[in-house]
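Note sheet for the following structure.
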Amino acid sequence: MKRSTEENHSPAVQVGSLPRPSSPERHPMRLGRVAVAIAAMAGLAWAVWSVARWSGERASQEPELAEEEIEEPGPARWGPAYSGNPTVADLKQASIAVAGEVVAAYPDSPAAWNVMAQLQFHLGNAPEAARWWLRCVETNPQSGDAHYGLGYIAHLEGDNAKAVERFRAAVAVRPDDPRIPLLLAESLTRLGKPEEAAPLLVEHLKSGKGNLAGLVSLGQIYLDMREYDKARWAFEEAVRIDPASREAQFGLANAWARLGDAEKSKQAMSKFQALVANRRAESAVRVMSFDDVAKGREVAVLIHGEAAKVYAVHGALEKAEEMWRKTAALDPRHVPSRMELLAIYERTGRNRAALRVCEELRDLEPKQADHWLNYGVLLARLGRREAALAALDQAIALDPGSSKYRQAREVILSAP
């Protein structure tokens, strides 16, 4: 089979993940060109020109802006899955339709096959998902998504040797994916190789990508290796991050017991028992499915978002936009889809549509200064100078150490 030249287009597929820390580290979001233009001097000059052009040519632009308000097909015409009150069946049907459509559009594309594999996995059809992912890696051995998916299936089925093989291949392609070292370490431990798993997690934590789950896993490995003081350290660090972590408190109790400190072990065990009494047990490995509306919505958002990326890679930008709009309709609090739409609207000159998205992002994440920056620049472009300056003032208040917000304010203030 001919090897694909497509690039991997997204982070590793979310076929499931270990529990996240209660306050996960935020990754900087990719901003639309609105913010990028302000962030550099060239962009600042462009912003001045843009604001000035609006002031001087407002009459000539009115017809163009009026066109922005033409009603486009929306949730009411897309179907019940996008209505705001879908059933599990609605979400499943929409996801199946989207995956089938993208595969039909690009039948020779590993990126499209990956979307279908994800859908099949979340439908509970692991053999069919594996078939699609195997097809991906046979065509493109650098498909990190497929290696991860195959490794995850092997992990769930208890085939630890195969899981290790696939996770090693996945981490070689996706070294920055924070989930893979955790799963690889767990699979190595199950194979009876904790001495390989521990250094892997130590390096993972040193890289700054480590989190609560990494510390808990490392502590458990140290317990298996009978390195009890190291286990105590790992669990104490985990408890420091999240005192309500049952796994960390239980591990700490065991570590203190092995170290011979019965009193401290009793204290940690008491905290663990209190947490168990107050919180419903959760699976150590969470797999999204169509079990209920909440999980079904997560799967639908994932499938629509991945399909949007496939369309974008193939240059079908209108279809990519439609998928992002549907993703946003599925989840009114989904930030990534709105960031993608903001970039599309700004790039295509649909300022009022971009402004509406900026308002949504501002309301969803009011403490993110870049949202206020984007909002202010768009307001300035639309001639609403005072509101634009107020938005930039808010950005400055949120992040007083960054100069780009002050520079943007100066540009808007000095525009004719």
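The values are calculated or read from the model by the stated rules, or taken from the named source; none is laboratory data. Small disclaimer: the values here were computed from a predicted structure and weren't measured. Don't worry about glycine lacking a Cβ; one is built from the backbone with ideal geometry, like all the others, and counts go over all protein chains shown.
Observations, loosely collected:
Conditions (1) in a helix (DSSP H, G or I); (2) over 20 Å from the mean Cα position of the chain (by Cα); (3) closer than 18 Å to Leu119 by Cα, marked per residue:
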position: Ala146; (1), (2), (3): yes, no, yes
position: Gly149; (1), (2), (3): yes, no, yes
position: Ala154; (1), (2), (3): yes, yes, yes
position: Ala161; (1), (2), (3): yes, yes, no
position: Phe167; (1), (2), (3): yes, no, no
position: Asp176; (1), (2), (3): no, no, no
position: Ile180; (1), (2), (3): yes, no, no
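- The numbered conditions (1) in a helix (DSSP H, G or I); (2) farther than 30 Å from Trp113 by Cβ; (3) in contact (Cβ under 8 Å) with a residue 60 or more places away in the chain; (4) not aliphatic (A, V, I, L, M) are all true for Tyr375 except (3).
- Residues that are over 23 Å from Asp393 (Cβ atoms), assigned to a helix (DSSP H, G or I) and acidic (Asp, Glu), drawn from region 324-358: Glu340
- Flag set for Leu382, criterion: of a type outside the set (D, E, K, R), under 24 Å from Ser337 (Cβ atoms) and modelled with pLDDT under 95.
- Members of region 300-359 that are of a type in the set (D, E, K, R) and closer than 25 Å to Lys92 by Cβ: Glu306, Lys309, Lys319, Glu321, Glu322, Arg325, Lys326, Asp331, Arg333, Arg338, Glu340
- Close pairs (8 angstrom Cβ cut-off, 6 or more residues apart or separate chains): touching a residue at least 60 places away in the same chain (Cβ under 8 Å) in region 391-416, among the hydroxyl-bearing types (Ser, Thr, Tyr) anywhere: Ala415/Ser55; Pro416/Ser55
- All of Ala257, Ala248, Ala238, Ala274 fail the test of being at pLDDT 90 or above, part of a helix (DSSP H, G or I) and more than 28 Å from the chain's Cα centre (by Cα), apart from Ala257.
- Residues of region 401-416 that are over 27 Å from the mean Cα position of the chain (by Cα) and surrounded by fewer than 16 Cβ atoms within 10 Å (Cβ to Cβ): Ser403, Arg406, Glu410, Leu413, Ser414, Pro416.
- Selected residue [part of a helix (DSSP H, G or I), out of contact with any Asp or Glu (no Cβ under 6 Å at 6 or more places or on another chain) and under 30 Å from Ala329 (Cβ atoms)] from Leu389, Leu361, Leu413: Leu361
- The numbered conditions (1) within 22 Å of Asp331 (Cβ to Cβ); (2) more than 21 Å from the chain's Cα centre (by Cα) are all true for Arg131 except (1).
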